[in-house]
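Asker: If you scroll down you'll find the structure; I have some questions about it.
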């Protein structure tokens, strides 16, 4: 064999083996060396970002400015900026949308400048570039963000109306019964139609909102609460954490709780939209702790005290005027909250009674205005969510501005001074140490001409309302949950009896019917439509007729006994089933339109004219002639 050839072959083999070993070592080294991007990816989670934001904000708000050696002007500028940030962080979770916007903008700038986001790693937080991996919550929040850029606080309403999400539907997972519900499938379908790519800035704003709502906000309902809807609630459906089911033989059925198809209480988010309670089944707080955190923070405006197991509930308002009710175990079976919003800027008769929607709405509107100008004691009745508070806010506009208004509420809901800041209005509310009865007593000493009661819900307030309407004010307006006119009278009568003001039913009833002039009853249909079902006048039946006294002028014992029997019969009739009042509907809602059905009594017409200006008296007379003659016919 050729020796040089063998040597060359060995040499080539050594070179190849060495190259292979070197290549293997390089690849192994590359494999063992941690990927910097893989390590960084751990910090691109919502939890890591929240921790970073929280720590950074703590450093900013708690740092000692004296150690920085700043000039006087720079020191003052930083001190003011820090004070503004502290105030915003404190008030943003109280329903203050302006401070919320300030905090979110601060977090946005902080993350943009210091966290190292770019077009690629921002998708590690939420997989914007992979729609298949997005959760229903992700898609909903993206949709809401995009719609807010154009529609602002009407974004949710626009989403619901455009895709008719508020229509009743059957959902098998929800018991296969017709209900108002928005499902995850519907959100998926809307997302595919609406979203066709997001900018880097949009993605960062969505992440900022997610960080804010878990750090300072109200979880998944944070943005929903700000929308122009009637209200939002949580913890009102699903299985409470303490729920345990027992079978007939005493066995514990724990498998029902573990099934994914059965929601828990923290999977419960409902909105109240245009008179409809709609279940957002695609949203969840994620855990009992998160639901509890939201409940413990959402009622804190104006420091109403702690929600403890002893008191069990809190009724308060938020900074934007929303009413909030929070309950907890053991008063309730689970943690729950109810936020009720009132559309103060749009609380007007023109919006409530839109002539374009219901025929003869203008007639109803005019009668309501004349009831206010005529100083009639008016009850506004109806079920919860029928629009009583909104109508009451609107009616105040037509009370003569020369009259002073005093308002009593359980929690500040009407906010009349926000809508009528030039009027003489003062509102009182119940506190832990001041009852509604005491508040009404104080009102009598505050030069009030008109008394407004946000809600007559307790016996003491009902009793004081009757007394105030008799002696303490020119007239009174109040809301009540009575279903019929008889229910209204009997409920107020029973309140007088329970408070011990009267001990005889007839006497108490006479006092009530002598006070109430009109009842405006509102109704909300199954599909959420609200309207005034009737305007009813109360007509007291005269009780001052003399008893038959013919027995005084009779001759003979037999005739005298007969006439005395007649007198006694009349006495017992009046003491038992004699009517103390009659009522008649002035206007009714019939077949989709308002109809004038009965004239107003001469007594009320006369008293109303006495309180009106000369011009209003003429308009009122013209109004009566027009509608009493035609019955509201076109």
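The values are calculated or read from the model by the stated rules, or taken from the named source; none is laboratory data. Since the structure is predicted, the reported quantities are computational estimates derived from the model, not experimental observations. Don't worry about glycine lacking a Cβ; one is built from the backbone with ideal geometry, like all the others, and counts go over all protein chains shown.
Asker: Tell me, please, whether a residue that is over 30 Å from residue 323 (Cα atoms), under 40 Å from the mean Cα position of the chain (by Cα) and part of a helix (DSSP H, G or I) can be found in region 63-78.
Answerer: As a first pass, look at region 63-78 and keep what is over 30 Å from residue 323 (Cα atoms): 63-78.
When the remaining residues are screened for being under 40 Å from the mean Cα position of the chain (by Cα), the result is 63, 77-78.
Filter once more, keeping what is part of a helix (DSSP H, G or I): 77-78.
Yes: region 63-78 contains one or more residues that are over 30 Å from residue 323 (Cα atoms), under 40 Å from the mean Cα position of the chain (by Cα) and part of a helix (DSSP H, G or I).
Asker: A further question on this structure: Output the number of the condition that residue 356 fails; it satisfies all remaining conditions of (1) surrounded by fewer than 22 Cβ atoms within 10 Å (Cβ to Cβ); (2) part of a helix (DSSP H, G or I); (3) over 24 Å from the mean Cα position of the chain (by Cα).
Answerer: Of the numbered conditions (1) surrounded by fewer than 22 Cβ atoms within 10 Å (Cβ to Cβ); (2) part of a helix (DSSP H, G or I); (3) over 24 Å from the mean Cα position of the chain (by Cα), the odd one out for residue 356 is (2).
Asker: Which residues, counting only those in region 275-295, are part of a loop (DSSP other than H, G, I, E, B) and either buried (at least 20 other Cβ atoms within 10 Å of the Cβ) or touching a strand residue (DSSP E or B) at 6+ places or on another chain (Cβ under 8 Å) (or both)?
Answerer: Step one: list which residues in region 275-295 are part of a loop (DSSP other than H, G, I, E, B), which gives 275, 281-287.
Once the filter is applied, which keeps residues that are part of a loop (DSSP other than H, G, I, E, B) and either buried (at least 20 other Cβ atoms within 10 Å of the Cβ) or touching a strand residue (DSSP E or B) at 6+ places or on another chain (Cβ under 8 Å) (or both), region 275-295 yields 275, 281, 282, 283, 284, 285.
Asker: If you go through region 37-90, how many residues are surrounded by 12 or more Cβ atoms within 10 Å (Cβ to Cβ) and modelled with pLDDT of 90 or more?
Answerer: Quick first cut of region 37-90, residues surrounded by 12 or more Cβ atoms within 10 Å (Cβ to Cβ) only: 40-41, 43-46, 48-54, 56-57, 60-61, 63, 65, 70, 74-79, 81-82, 84-90.
Those left that are additionally modelled with pLDDT of 90 or more: 45-46, 48-54, 56-57, 84-90.
Of the residues in region 37-90, 18 are surrounded by 12 or more Cβ atoms within 10 Å (Cβ to Cβ) and modelled with pLDDT of 90 or more.
Asker: Further question: Look at region 307-346 and say how many of its residues are farther than 22 Å from residue 532 by Cβ and in contact with a strand residue (DSSP E or B) (Cβ under 6 Å, 6 or more places away or on another chain).
Answerer: Within region 307-346, the subset farther than 22 Å from residue 532 by Cβ is 307-339.
Now restrict to residues that are in contact with a strand residue (DSSP E or B) (Cβ under 6 Å, 6 or more places away or on another chain): 307, 313-318, 322-327, 331, 336-339.
Looking only at that region, the number is 18.
Asker: Follow-up. Looking for something surrounded by 20 or more Cβ atoms within 10 Å (Cβ to Cβ) and at pLDDT below 90 - is there at least one such residue anywhere in region 320-336? Full working, then the answer.
Answerer: Within region 320-336, the subset surrounded by 20 or more Cβ atoms within 10 Å (Cβ to Cβ) is 322-324, 326-328, 334-336.
Checking the rest, the ones that are also at pLDDT below 90 come to 322-323.
Yes, that holds for at least one residue.
Asker: Here's another thing I want to ask about it. Which condition from (1) assigned by the TED database to the domain that holds residue 291; (2) not in a loop (DSSP other than H, G, I, E, B) is the one that residue 123 breaks?
Answerer: (1)
Asker: Closer than 21 Å to residue 512 by Cβ and touching a strand residue (DSSP E or B) at 6+ places or on another chain (Cβ under 6 Å): does that describe residue 437?
Answerer: Details: closer than 21 Å to residue 512 by Cβ: yes; touching a strand residue (DSSP E or B) at 6+ places or on another chain (Cβ under 6 Å): no.
No.
Asker: Given the options 382, 374, name the one that is buried (at least 21 other Cβ atoms within 10 Å of the Cβ), over 26 Å from the mean Cα position of the chain (by Cα) and either in the same structural domain as residue 606 (by the TED database) or under 20 Å from residue 611 (Cα atoms) (or both).
Answerer: Working: 382 fails: over 26 Å from the mean Cα position of the chain (by Cα).
Only one candidate qualifies: 374.
Asker: Further question: Of everything in region 373-431, what is within 27 Å of residue 527 (Cβ to Cβ) and assigned to a strand (DSSP E or B)? Give them in sequence order.
Answerer: Of all residues in region 373-431, those within 27 Å of residue 527 (Cβ to Cβ) come to 379-395, 413.
Across region 373-431, the qualifying residues are 379, 380, 381.
Asker: Which numbered condition trips up residue 211, out of (1) under 24 Å from residue 289 (Cα atoms); (2) under 23 Å from the mean Cα position of the chain (by Cα); (3) touching a residue at least 60 places away in the same chain (Cβ under 8 Å)?
Answerer: For residue 211, the failing item is (2).
Asker: On to the next question. Looking at (1) modelled with pLDDT under 80; (2) under 22 Å from residue 375 (Cβ atoms), can you tell me which one residue 577 breaks?
Answerer: Of the numbered conditions (1) modelled with pLDDT under 80; (2) under 22 Å from residue 375 (Cβ atoms), the odd one out for residue 577 is (2).
Asker: Please work out if residue 349 is surrounded by fewer than 20 Cβ atoms within 10 Å (Cβ to Cβ), in contact (Cβ under 8 Å) with a residue 24 or more places away in the chain and in contact with a strand residue (DSSP E or B) (Cβ under 7 Å, 6 or more places away or on another chain).
Answerer: Working: surrounded by fewer than 20 Cβ atoms within 10 Å (Cβ to Cβ): yes; in contact (Cβ under 8 Å) with a residue 24 or more places away in the chain: yes; in contact with a strand residue (DSSP E or B) (Cβ under 7 Å, 6 or more places away or on another chain): no.
Here the answer is no, as residue 349 does not meet what is asked.
Asker: Could you please tell me which pairs satisfy a Cβ distance under 7 Å, a separation of 6+ or placement on different chains, a first residue in region 49-60 that is in the same structural domain as residue 85 (by the TED database) and at negative phi, and a second residue that is at pLDDT below 90 and in a helix (DSSP H, G or I)?
Answerer: Close Cβ pairs (under 7 Å, with a partner that is at pLDDT below 90 and in a helix (DSSP H, G or I)) amount to 60/82.
Asker: While we're here: Going by the structure shown, is residue 142 at pLDDT 95 or above and more than 25 Å from residue 88 (Cβ to Cβ)? Please lay out each step first, then the result.
Answerer: Values: at pLDDT 95 or above: yes; more than 25 Å from residue 88 (Cβ to Cβ): yes.
So residue 142 fits the description; yes.
Asker: Looking at region 597-612, can you tell me whether even one residue there is in contact with a helix residue (DSSP H, G or I) (Cβ under 8 Å, 6 or more places away or on another chain), at pLDDT below 90, surrounded by 17 or more Cβ atoms within 10 Å (Cβ to Cβ) and within 18 Å of residue 536 (Cβ to Cβ)? Let's see the steps before the verdict.
Answerer: Within region 597-612, the first condition is being in contact with a helix residue (DSSP H, G or I) (Cβ under 8 Å, 6 or more places away or on another chain), and the residues that meet it are 599-600, 605, 608-609, 611-612.
Imposing the further condition that a residue be at pLDDT below 90 reduces the set to none.
No, region 597-612 contains no residue that is in contact with a helix residue (DSSP H, G or I) (Cβ under 8 Å, 6 or more places away or on another chain), at pLDDT below 90, surrounded by 17 or more Cβ atoms within 10 Å (Cβ to Cβ) and within 18 Å of residue 536 (Cβ to Cβ).
Asker: Only one of (1) in contact (Cβ under 8 Å) with a residue 24 or more places away in the chain; (2) under 25 Å from residue 102 (Cβ atoms) is not met by residue 199, so which one is it?
Answerer: Here residue 199 meets the rest and fails (1).
Asker: Kindly check whether there is at least one residue in region 202-213 that is closer than 30 Å to residue 330 by Cβ, at pLDDT 90 or above, touching a strand residue (DSSP E or B) at 6+ places or on another chain (Cβ under 7 Å) and buried (at least 16 other Cβ atoms within 10 Å of the Cβ).
Answerer: Kept after step one, since they are closer than 30 Å to residue 330 by Cβ, are these residues of region 202-213: 213.
With the extra rule that they be at pLDDT 90 or above, the set shrinks to 213.
Right, trim to touching a strand residue (DSSP E or B) at 6+ places or on another chain (Cβ under 7 Å) and you get none.
No, the conditions are met nowhere in region 202-213.
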